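Report on the following structure.
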Amino acid sequence: MAELQTQTQAQADNMILTEQRTKIGTKRSYLQIEKTIKYDFLRNGMKFISMLIMSFLIFALFLIIEIIDESNGAIVPTDPADYFEGYLMMISFIILIVASTFGGSMIAEDFEKQTGNLLFPKITKDRLLFGRFIARYSYSAISVTFYYILVAIATVLKYNAIPKFVWGSLGWALLYTFALLSFVTFFSAIMKRSSSATIYSILIVLIVFQLLTMILMVTGVTIEPFFMLTYYSNIITSWFHMPEERYMELPFHRGPEGISENTFYSWITPSATGAVIGMLVWSVITLTIAYLVFRRRQNK
Amino acid sequence: MSKNTENSDVYVSFRNATKKFGNFAAVSNVNLDIHKGEILGFLGPNGAGKSTTMKMMAYLLRPTEGEVWIRGNGELEKLTSKNKDYLLDNIGFLIENPFFYANMTPRETLSYFGELKGYPHSKIKQRVEDIVEMVGLSEWIDKKIGTFSKGMRQKIGVISAIVHDPDIIVLDEPHTGLDPTARKMVREFILKLKDMGKTVFFSSHLLYEVSEVADRVAMISHGEIIACDTLEKLESMAKKSEIQLELLEIPENGADDMVKRLDPIIGPHTGLENKLDYIRFNPDSEIFEILFNGDPKKQVEIFKALFTAGIDVVEFSVPKAGLLEDLYLKFMSESKENGAEFLQKREFEPKQKGEITV
């Protein structure tokens, strides 16, 4: 009798709960994405703080160098835009570190640590990836913006003004962050380990793309290198002084007396339209492949 | 979309489900029905295919051949990528050793899991606290899971399967890494789930854990189901059961002489045709294990014969686990000896008799 009462009570409670439960459909999908974003924010909180510290340390490094240079009598730029641009020498590197830190574990981690066994039966992979990407891109974007804010503060303190091109440059930096995060996510989908995804992404960006750039310079190929992701990072700094001629020929002298003369050919920066289209194409292709691989990928 | 309205009490149905990794078949032609409100124990040694079967049900692995059918809105539906979200909504899974994000707390992780499955936001806090308390980890609810022992992680894994209060709970090796007290807790937990009207499908390689709680037992070996039914029916199929006998004292001249003395007393009452080694002595537990045909009348006859012969019996019992072990070893050896022929016989004969659901 008592058992029957327990069962009846449990069934009644269950019916009430079923009514209150968020039904499957669009509302549940949004809810799952929202919860994934919040959970991923919590999960990557320490990484985010680390990235903010890294941004601050790089800024501090530039500031110290600038102070030392000034005290040694170096010429101080009169245009605040030049001053600001000087701090952006390492912005591509900052974005690379941020994107690889947040993107490397995006997909690979759940297969490497088998956390997917608990998670995948509860949420579809498209929603999971979407939620995570939003969360991690937000952290990446804030980390990059934080660096810009630090440099902006330094510029205001020094010149009492902020160059108008800063906002455009920040926009390009954020778009490049998006493209690079997509690129790292692609590696996270195809690699077994998060660390491999992170390391391979960094190596390809720092070595393979640089090597390709050099080959193009030496061989004199005049095709604009839209196929190289790193090419788009040039617009972040070039935005302050967009050149009229984006293609450049550089005479180069080899040997002690400049006997062997050569000419290098280089594309300085993509156009604004080219940069938007190029980075979006890169993002769409890499993210789509990442998603398709993720969807097909099974736990062993 | 494929639908099937047969067997209204069947919640989940594996139909010739096969999973191959390259040329290796981890699971072959699994046919298994899980009925509403039952506890189905899935028994097999490590590497037998238990986890693979459960992963196919969770759609973590897609069957190479065959299908998994799950009851959705009153009808059995074939599990596909399109309907998995909806079909799996009412199922809670614990698959293999649970791994959690180390820098997160049980409160954060379980709340996330519960809300992913639509558990009301206003109630999730209380729900998480209640289920964490059930496994005695309330003090750890806000500690990082990375600092937990394997047993504690296992407990969190078990409750992660029920956080959204599903009707079907699938637990893959829930006893792994647990001490005896925690195992007892899991046993009671499974029985409590049944009392609440839940359906439980759990795997284990521990015979005792299965025998104590399962309504039915499915045995798997080398990726193939070798038997599936209630313990009683499996026992009658094997025509063999076991009595454990503890005597007041073992004679000084040893257990072998006692076995010889018991043979003429018990032998006529076992109901066994082949009486080879039917009395065994376990030196670790100092208990005599006597095989008989499982008929309760024979059990009484044996007890009376011992009493009449003046044997001082301290304990006389038919343990479920001991029986299950014998059955399991018997089916395993038969499956090895007879291969596919044995398996097919097990599949078809019982179906015709309406006894076995494999």
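Only one of these is β-branched (Val, Ile, Thr), over 16 Å from A:Thr115 (Cβ atoms) and assigned to a helix (DSSP H, G or I): B:Val170, B:Val132. Name it.
On inspection, the qualifying residue turns out to be B:Val132.
Just a yes or no: is a residue in the range A:173-189 surrounded by 17 or more Cβ atoms within 10 Å (Cβ to Cβ) and over 22 Å from A:Ser92 (Cβ atoms)?
yes
Scan the range B:274-281 and give yes if some residue there is under 15 Å from B:Met258 (Cα atoms), touching a residue at least 24 places away in the same chain (Cβ under 8 Å), surrounded by 11 or more Cβ atoms within 10 Å (Cβ to Cβ) and out of contact with any Ser or Thr (no Cβ under 6 Å at 6 or more places or on another chain), otherwise no.
Yes, some residue in the range B:274-281 is under 15 Å from B:Met258 (Cα atoms), touching a residue at least 24 places away in the same chain (Cβ under 8 Å), surrounded by 11 or more Cβ atoms within 10 Å (Cβ to Cβ) and out of contact with any Ser or Thr (no Cβ under 6 Å at 6 or more places or on another chain).
From the residues in the range A:219-271 that are in a loop (DSSP other than H, G, I, E, B), aliphatic (A, V, I, L, M) and out of contact with any strand residue (DSSP E or B) (no Cβ under 6 Å at 6 or more places or on another chain), which one is modelled with the lowest pLDDT?
A:Ile259
So if I check each of A:Val151, A:Val144, A:Val184, which one is under 18 Å from A:Pro77 (Cα atoms) and part of a helix (DSSP H, G or I)?
Unique residue meeting the criteria: A:Val151.
Is it the case that B:Lys143 is surrounded by fewer than 19 Cβ atoms within 10 Å (Cβ to Cβ) and either modelled with pLDDT of 95 or more or within 12 Å of chain A (Cβ to nearest Cβ) (or both)?
Judged against the criteria, B:Lys143 is a match.
So, of the residues in the range B:49-83 that are hydroxyl-bearing (Ser, Thr, Tyr) and more than 20 Å from the chain's Cα centre (by Cα), which turns out to be nearest to B:Asp172 (Cα to Cα)?
B:Tyr59
Out of the residues in the range B:124-134 that are over 22 Å from A:Thr22 (Cβ atoms) and touching a Phe, Trp or Tyr at 6+ places or on another chain (Cβ under 8 Å), state the one that is surrounded by the fewest Cβ atoms within 10 Å (Cβ to Cβ).
B:Met134
Scan the range B:87-123 for residues that are over 14 Å from A:Thr22 (Cβ atoms) and in a loop (DSSP other than H, G, I, E, B) and report the count.
11
Restricting to the range A:142-184, name every residue that is of a type in the set (Phe, Trp, Tyr) and within 9 Å of the chain's Cα centre (by Cα).
Once the filter is applied, which keeps residues that are of a type in the set (Phe, Trp, Tyr) and within 9 Å of the chain's Cα centre (by Cα), the range A:142-184 yields A:Tyr176, A:Phe178, A:Phe183.
Would you be able to say whether some residue in the range B:56-76 is buried (at least 20 other Cβ atoms within 10 Å of the Cβ) and assigned to a helix (DSSP H, G or I)?
yes
When you go through B:Glu286, B:Glu301 one by one, which is the residue that is at positive phi, of a type in the set (D, E, K, R) and touching a residue at least 12 places away in the same chain (Cβ under 8 Å)?
Result: B:Glu286 is the single residue among B:Glu286, B:Glu301 that is at positive phi, of a type in the set (D, E, K, R) and touching a residue at least 12 places away in the same chain (Cβ under 8 Å).
Looking at the range B:50-65, I want the residues that are at negative phi and have a partner that is crowded, with 24+ Cβ neighbours inside 10 Å and of a type in the set (Asp, Glu) with Cβ atoms under 7 Å, at least 6 apart or on another chain. Which pairs are those?
From residues that are at negative phi, the pairs are B:Lys50/B:Asp172; B:Ser51/B:Asp172; B:Met54/B:Asp172.
Touching a Ser or Thr at 6+ places or on another chain (Cβ under 6 Å) and away from every other protein chain (no Cβ under 14 Å) - does that describe any residue in the range B:10-26?
Checked the range B:10-26: at least one residue is touching a Ser or Thr at 6+ places or on another chain (Cβ under 6 Å) and away from every other protein chain (no Cβ under 14 Å).
So which of B:Asn46, B:Asn29 is more than 22 Å from B:Leu193 (Cα to Cα), within 22 Å of the chain's Cα centre (by Cα), more than 8 Å from every other protein chain (Cβ to nearest Cβ) and not in a loop (DSSP other than H, G, I, E, B)?
Selected residue: B:Asn29, the only one of B:Asn46, B:Asn29 that is more than 22 Å from B:Leu193 (Cα to Cα), within 22 Å of the chain's Cα centre (by Cα), more than 8 Å from every other protein chain (Cβ to nearest Cβ) and not in a loop (DSSP other than H, G, I, E, B).
Name the residues in the range A:129-165 that are at pLDDT 95 or above and either of a type in the set (D, E, K, R) or within 30 Å of B:Asp172 (Cα to Cα) (or both), would you?
If the condition is that a residue be at pLDDT 95 or above and either of a type in the set (D, E, K, R) or within 30 Å of B:Asp172 (Cα to Cα) (or both), then A:Leu129, A:Phe130, A:Gly131, A:Arg132, A:Arg136 are the ones that fit.
Being under 29 Å from the mean Cα position of the chain (by Cα), under 13 Å from B:Phe316 (Cα atoms), at pLDDT 80 or above and surrounded by 19 or more Cβ atoms within 10 Å (Cβ to Cβ) is the requirement here; does B:Phe288 meet it?
Yes, satisfied.
So if I check each of A:Lys27, A:Lys47, which one is on the phi < 0 side of the Ramachandran plot, basic (Lys, Arg) and under 20 Å from the mean Cα position of the chain (by Cα)?
A:Lys47
Look through the range B:154-167, keep the residues that are in a helix (DSSP H, G or I) and not small (Gly, Ala, Ser), and return whichever of them is farthest from B:Val210 (Cα to Cα).
Across the range B:154-167, the extreme among qualifying residues is B:Ile156.
Yes/no per residue for (1) surrounded by fewer than 18 Cβ atoms within 10 Å (Cβ to Cβ); (2) away from chain A (no Cβ under 14 Å); (3) within 18 Å of B:Met134 (Cα to Cα); (4) over 16 Å from the mean Cα position of the chain (by Cα):
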| position | (1), (2), (3), (4) |
| --- | --- |
| B:His164 | no, no, yes, yes |
| B:Ile168 | no, no, no, no |
| B:Pro180 | yes, yes, yes, yes |
| B:Lys184 | yes, yes, yes, no |
| B:Ile190 | no, yes, yes, no |
| B:Phe201 | no, no, no, no |
| B:Arg216 | no, yes, no, no |
| B:Ile225 | no, yes, no, no |
| B:Asp229 | no, yes, no, no |
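Out of everything in the range B:81-113 that is more than 9 Å from chain A (Cβ to nearest Cβ) and farther than 16 Å from A:Leu42 by Cα, what residue ends up being surrounded by the most Cβ atoms within 10 Å (Cβ to Cβ)?
B:Leu87
Which is in a helix (DSSP H, G or I), over 22 Å from A:Phe178 (Cα atoms) and either without any contact (Cβ under 8 Å) to a residue 24 or more places away in the chain or within 14 Å of chain B (Cβ to nearest Cβ) (or both), of A:Ile64, A:Ile33, A:Ile37?
The conditions single out A:Ile64.
Each row is one residue, and each column tells you yes or no for (1) within 30 Å of A:Tyr291 (Cβ to Cβ); (2) away from chain B (no Cβ under 14 Å); (3) surrounded by 15 or more Cβ atoms within 10 Å (Cβ to Cβ); (4) of a type outside the set (S, T, N, Q).
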| position | (1), (2), (3), (4) |
| --- | --- |
| A:Met46 | yes, no, no, yes |
| A:Asp82 | no, yes, no, yes |
| A:Met90 | no, yes, yes, yes |
| A:Ile134 | yes, yes, yes, yes |
| A:Ser143 | yes, yes, yes, no |
| A:Tyr147 | yes, yes, yes, yes |
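The values are calculated or read from the model by the stated rules, or taken from the named source; none is laboratory data. Bear in mind the structure is a predicted one, so any value in this text is a computation, not a measurement. Don't worry about glycine lacking a Cβ; one is built from the backbone with ideal geometry, like all the others, and counts go over all protein chains shown.
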